[in-house]
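S.K.: After the structure tokens below, expect a handful of questions from me.
The values are calculated or read from the model by the stated rules, or taken from the named source; none is laboratory data. As the structure is a computational prediction, the values presented were derived from the model and not from experiment. Here the Cβ is made from the backbone with ideal geometry for all residues, glycine too, and neighbour counts use every protein chain on show. We work out accessible area using only protein heavy atoms, side chains counted, and drop any ligands, DNA or RNA first. Shrake-Rupley method; radii C 1.70, N 1.55, O 1.52, S 1.80 Å.
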Amino acid sequence: MRDAAPQTIYLKDYTPFGFTVEEVHLTFDLAPSATRVTSRIKFAPNPDATDKTFFLHGEELTLRWAKIDGETVEPSITAEGLTCDVPNIPFVWESEVQIDPAGNTALEGLYRSSGMYCTQCEAEGFRKITYYPDRPDVMSTFTVRINGPEPVLLSNGNPVASGKGWAEWHDPWPKPAYLFALVAGELIAHPGKFTTMNGRKVELNLYVRPGDEHKCAFGMQALKASMVWDEKVYGREYDLDIFNIVAVDDFNMGAMENKGLNVFNSSAVLASPETSTDQNFERIEAIIAHEYFHNWTGNRITCRDWFQLCLKEGLTVYRDSQFTSDMRSAPVKRISDVIDLRGRQFTEDQGPLAHPVRPESFQEINNFYTATVYEKGAEVIGMLRTLVGADAYSKAVDLYFDRHDGQACTIEDWIQVFEDSTGRDLGQFKRWYSQAGTPHLKVAESYEGDTYTLTFTQHTPPSATTPDPKPQVIPVAMGLLAADGSEAMGTQVLEITKETQSFSFPGQPARPVPSILRGFSAPVVLDHSADHAFLLAHDTDPFNRWESARALAKGSLMATIRQGKAPDSAYLGGLTKVVADDRLDPAYRALMIGLPAQSELAASLHAEGDVPDPDAIHLAVDAMREAQAEALQDMLHPLYDAHQVTQDYAPDAAQSGKRALGNAMLALITRRDGGAVAQAQYDAATNMTQQLAALGFLIGAEQGDAALGAFEAQWKDDRLVMDKWFGLQVMKAKPDDAADTATALTRHHDFNWKNPNRFRATLGALAMHHAGFHAKDGSGYALLADWLIKLDPVNPQTTARMCSAFQTWRRYDAIRQTLIKAQLERIANTPGLSRDTAEMIGRIREA
Ligand code: BES
Ligand code: ZN
């Protein structure tokens, strides 16, 4: 076990390692409970380092022997690693350790999943494989020999040689240990081929367990599309002879970009029309792209230390969102990203877990793979591109690749290439990386003579890590509309740098209507009493048009919650027109019907000084759905019929948009007909999108029992589909039943709680069910806490991530706060709590 005493690590304390690593040779003798790992590592004193302490990380390792230049040494060993006297000249370190993959339930290091061996080394898992300087700024080439009876033996780089019971791999590109990977097992390859822009032939494989072969085609196609896109848009070519992806069933995250050997959660790569929804396909395409894009933004250029995580993750999320926008619909992707940002990142910024995109301290780095680092990190890249322009962005990124290839870099390096290639001073812009909190942007308008003026005032609420926020650079894309809905001024980007700043637009013959923050050009909260009904009808910017519908819906819901007001007819009227407009993309119209999440309504109520009542919020949303059904009633059936897809299933944007709108209609139809059409859709469904949507609506109408039974009988042998079955029942439960439903599911014979996908499907769904999780009797809190306490010793990383369900506890009433506090205390007082969970609970309780 790790040392439980919390130790905080600071960015300001960075020093380089005392030694460089010239090359690494590893030999694995695989055995489920007693794998032997022999290492041979060439070290040399690092001329750039002053501290020459030879410390190698190592956890849960049994050292069998160690040698320096062939002579046995006796290092001193702690739970974190070893130190040893070494010569002040280049030397060879050799060691043999024994590890227990079968006993490794944390899914970090080398572990077993469904009978195969696999690894997860980011961020600090390599130290559970052998003694090594496990830090991203130590880069080396790796040669790996694997001995084992498994038919497939994989590691990073290119295959060197193999025979019965062994294989050897060599990765010529220097890399940090976190990108190391090894996979061994009885796996089936789904092969592919790719020729790069310079004619290099690359062998592609997607490795899966026997039985999953039929779920590979889409992933392979997505990989090829990603490779083409990165060549075309970023000029980045693949750099090995082979690229392998492996699907594993037990995985803490979505996927991992190990050099030449990406490892994927099977839920993030396996897809077939019968078992995967349109949303699954889109996510899989994006994750494959994301991990592939890391080959340059992350692997060829990596991070100096883990504080720089956004250097690779923010940039790579930005790149994968560009990819999805190009492959599918850009406005639909942008709207989905903003929904996600507001739901997860704004929540972080508003609570005790607020931290900057580049944090300055942490206890457990695994806790900083957050929406702030990822999603706000990507927004910061998007703002940079908006500020300098697309061409200057491309030039700066080219310079980044030229200048830093093969290096472990910092955010300063990234900003420097933009300063050097554009001549701009980005000093103030850098505050986006160092300040936590979401800026609020207040807008005032005036119209005098023929001059229209906008005055912006920015204010960022203080937080624990940023008690005194300074003004940031905010790019505001905006346009002006004339009273007839025509464009009075096309989109311009205003650059706000001061706390208060005005911009004038002369030559306006009549008072224009402003459309502000088009495309959500900055991750801020806009405080502006805009003419949303007008913008919903006329805005030429698709994002802001959607945003207007969202603002109207939210305003109406807030009035229902606070004053019991009936749903706003201006909203419903505007919505009806947009939904009926056949010229608009069905996917976009489906998004228009969506309502803000109940947790977002709770956040807004709290921000405005009210105490949110989860039951009242739930009822208000229900009343609004009813009002939508009534307002749209004449078009529900015609639109449902018009958006049935008759061609063979394809997971593309066009078909999935149709299904999304059709199912949005079906949701409302089911409110009217009690489930007749939904049952018919369920019975006729030939793809998971249609089947699962119908099942969800049937459960919502309390008509789901037969279909749930049929679904289980049909899919009991498919784990990924059964995850949906577990999750959906919790998601669709009535608030008062949510905890009981989840409890019953935890007693189901298929509830394998050590599998992160199944655990998250069931208990994650409860945490996401706003009114259910916050049930007045505290049953939701208690159930989640029970399971987090049970999971923590087995899998700290997944436990810690799920603690974030409690981060909003200060929003709620005194009774709920007391109930949550008691659970937080119970978790905190659990003996032997992991460092991961202890840090999360500690930060949440400090609120
Ligand atoms: N490098 C991460 C995976 C990772 C995260 C490993 C945390 C270890 C700890 C990978 O590139 C990643 O970001 N994966 C995301 C999906 C992606 C599309 C944002 C994930 O796994 O959720
Ligand atoms: Zn990533």
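S.K.: Considering only residues of the stretch 234-257 that are under 17 Å from D320 (Cα atoms) and not hydrophobic (A, V, I, L, M, F, W, C), which is nearest to ligand 1 (Cβ to nearest atom)?
M.R.: Out of the qualifying residues, it is G254.
S.K.: Now for a different question. Looking at the stretch 268-280, which of its residues are crowded, with 24+ Cβ neighbours inside 10 Å and away from ligand 2 (no atom under 16 Å from the Cβ)?
M.R.: L270, A271, S276, D278
S.K.: Here are the criteria: (1) surrounded by 24 or more Cβ atoms within 10 Å (Cβ to Cβ); (2) outside any loop (DSSP other than H, G, I, E, B); (3) within 16 Å of ligand 2 (Cβ to nearest atom). Tell me which single one V246 does not satisfy.
M.R.: Condition not satisfied by V246: (3).
S.K.: Could you check the stretch 309-335 and list, in sequence order, the residues that are within 14 Å of ligand 1 (Cβ to nearest atom) and either in contact with a Cys (Cβ under 7 Å, 6 or more places away or on another chain) or outside any helix (DSSP H, G or I) (or both)?
M.R.: L309, L311, K312
S.K.: If you don't mind, another one. Within the stretch 795-807, how many residues turn out to be open to solvent by less than 20 Å² (accessible area, probe 1.4 Å) and part of a loop (DSSP other than H, G, I, E, B)?
M.R.: Qualifying residue count, the stretch 795-807: 1.
S.K.: Separate question: Starting from residues that are β-branched (V, I, T) and in contact (Cβ under 8 Å) with a residue 60 or more places away in the chain, keep the ones in the stretch 808-844 and report whichever is least open to solvent (accessible area, probe 1.4 Å).
M.R.: Filtering first and then ranking leaves I844.
S.K.: Would you check if D340 is within 13 Å of ligand 1 (Cβ to nearest atom), surrounded by fewer than 20 Cβ atoms within 10 Å (Cβ to Cβ), among the acidic types (D, E) and in a helix (DSSP H, G or I)?
M.R.: Taking the combined requirement at face value, the residue satisfies it.
S.K.: Report, by residue number, each residue of the stretch 291-301 that is more than 11 Å from ligand 1 (Cβ to nearest atom) and either in a helix (DSSP H, G or I) or within 27 Å of Y10 (Cβ to Cβ) (or both).
M.R.: Residue satisfying the conditions is I301 alone.
S.K.: Considering only the stretch 129-153, state which residues are away from ligand 2 (no atom under 16 Å from the Cβ), part of a loop (DSSP other than H, G, I, E, B) and not hydroxyl-bearing (S, T, Y).
M.R.: Correct list: I129, P133, D134, R135, D137, V138, M139, G148, P149, E150, P151.
S.K.: Show the residue pairs that are 6+ apart or on different chains and have beta-carbon atoms under 8 Å apart, the first residue being within the stretch 225-242 and of a type in the set (S, T, N, Q), the second being part of a helix (DSSP H, G or I) and buried (at least 20 other Cβ atoms within 10 Å of the Cβ).
M.R.: Hits for this filter: S226/I288; S226/A289; S226/Y292; S226/F293; S226/F323.
S.K.: Mind listing whichever residues of the stretch 671-689 are assigned to a helix (DSSP H, G or I), touching a residue at least 24 places away in the same chain (Cβ under 8 Å), closer than 21 Å to Q714 by Cβ and touching a helix residue (DSSP H, G or I) at 6+ places or on another chain (Cβ under 6 Å)?
M.R.: If the condition is that a residue be assigned to a helix (DSSP H, G or I), touching a residue at least 24 places away in the same chain (Cβ under 8 Å), closer than 21 Å to Q714 by Cβ and touching a helix residue (DSSP H, G or I) at 6+ places or on another chain (Cβ under 6 Å), then V677, A678, Y682, T689 are the ones that fit.
S.K.: State all residues of the stretch 282-314 that are within 14 Å of ligand 2 (Cβ to nearest atom), buried (at least 24 other Cβ atoms within 10 Å of the Cβ) and of a type in the set (A, V, I, L, M); if no residue qualifies, say none.
M.R.: Of everything in the stretch 282-314, those that are within 14 Å of ligand 2 (Cβ to nearest atom), buried (at least 24 other Cβ atoms within 10 Å of the Cβ) and of a type in the set (A, V, I, L, M) turn out to be I288, A289, L309, L311.
S.K.: Does R358 fit the bill of being within 16 Å of ligand 2 (Cβ to nearest atom), surrounded by 21 or more Cβ atoms within 10 Å (Cβ to Cβ) and not in a helix (DSSP H, G or I)?
M.R.: yes
S.K.: Now a separate question. If you check every pair at least six apart or on different chains, which have Cβ atoms under 9 Å apart with a residue in the stretch 63-83 that is assigned to a strand (DSSP E or B) first and a residue that is among the acidic types (D, E) and open to solvent by 40 Å² or more (accessible area, probe 1.4 Å) second?
M.R.: Every condition considered, the pairs that remain are W65/E94; A66/E74; A66/E94; K67/E94; I68/D85; I68/E94.
S.K.: Let me ask another. Tell me, which helices (runs of 4 or more DSSP H) lie completely within the stretch 367-444 with 3 or more residues that are within 16 Å of ligand 2 (Cβ to nearest atom)?
M.R.: 377-388
S.K.: The conditions are (1) touching a strand residue (DSSP E or B) at 6+ places or on another chain (Cβ under 7 Å); (2) surrounded by 18 or more Cβ atoms within 10 Å (Cβ to Cβ), and E59 fails exactly one of them. Which is it?
M.R.: Looking at each condition in turn, E59 falls short on (1).
S.K.: What pairs can you find where one residue is in the stretch 586-606 and within 17 Å of F346 (Cβ to Cβ), the other is in a loop (DSSP other than H, G, I, E, B) and aliphatic (A, V, I, L, M), and their Cβ atoms are less than 8 Å apart, with a gap of 6+ or different chains?
M.R.: From residues that are within 17 Å of F346 (Cβ to Cβ), the pairs are L605/V611.
S.K.: Still on this structure, please answer the following. Which residue is most open to solvent (accessible area, probe 1.4 Å), if the candidates are limited to the stretch 386-415 and must be among the polar types (S, T, N, Q) and either farther than 18 Å from P356 by Cβ or without any contact (Cβ under 8 Å) to a residue 60 or more places away in the chain (or both)? Give the steps one after another, and end with the answer.
M.R.: Quick first cut of the stretch 386-415, residues among the polar types (S, T, N, Q) only: 386, 394, 407, 410.
Applying the additional criterion that residues be either farther than 18 Å from P356 by Cβ or without any contact (Cβ under 8 Å) to a residue 60 or more places away in the chain (or both) yields 386, 394, 407.
Numbers: T386: 55, S394: 54, Q407: 75 Å².
Taking the candidates together, the pick is Q407.
S.K.: Quick test for you: out of V357, V263, pick the one residue that is away from ligand 1 (no atom under 13 Å from the Cβ) and of a type in the set (A, V, I, L, M, F, W, C). Give the derivation first.
M.R.: Values: V263 fails: away from ligand 1 (no atom under 13 Å from the Cβ).
Among V357, V263, only V357 is away from ligand 1 (no atom under 13 Å from the Cβ) and of a type in the set (A, V, I, L, M, F, W, C).
S.K.: While we're here: Which one of G81, G109, G70, G125 is on the phi > 0 side of the Ramachandran plot and within 16 Å of ligand 1 (Cβ to nearest atom)?
M.R.: It is G109.
S.K.: What are the residues in the stretch 252-267 that are open to solvent by less than 10 Å² (accessible area, probe 1.4 Å), more than 14 Å from ligand 2 (Cβ to nearest atom) and either in a helix (DSSP H, G or I) or under 15 Å from Y111 (Cα atoms) (or both), if any?
M.R.: Of everything in the stretch 252-267, just one residue is open to solvent by less than 10 Å² (accessible area, probe 1.4 Å), more than 14 Å from ligand 2 (Cβ to nearest atom) and either in a helix (DSSP H, G or I) or under 15 Å from Y111 (Cα atoms) (or both), namely S266.
S.K.: Check the stretch 435-454 and report whether any residue there is among the polar types (S, T, N, Q), within 20 Å of M383 (Cβ to Cβ) and open to solvent by 20 Å² or more (accessible area, probe 1.4 Å).
M.R.: No, the conditions are met nowhere in the stretch 435-454.
S.K.: Restricting to the stretch 371-385, count the residues that are open to solvent by 20 Å² or more (accessible area, probe 1.4 Å) and under 11 Å from the mean Cα position of the chain (by Cα).
M.R.: Selection size over the stretch 371-385: 2.
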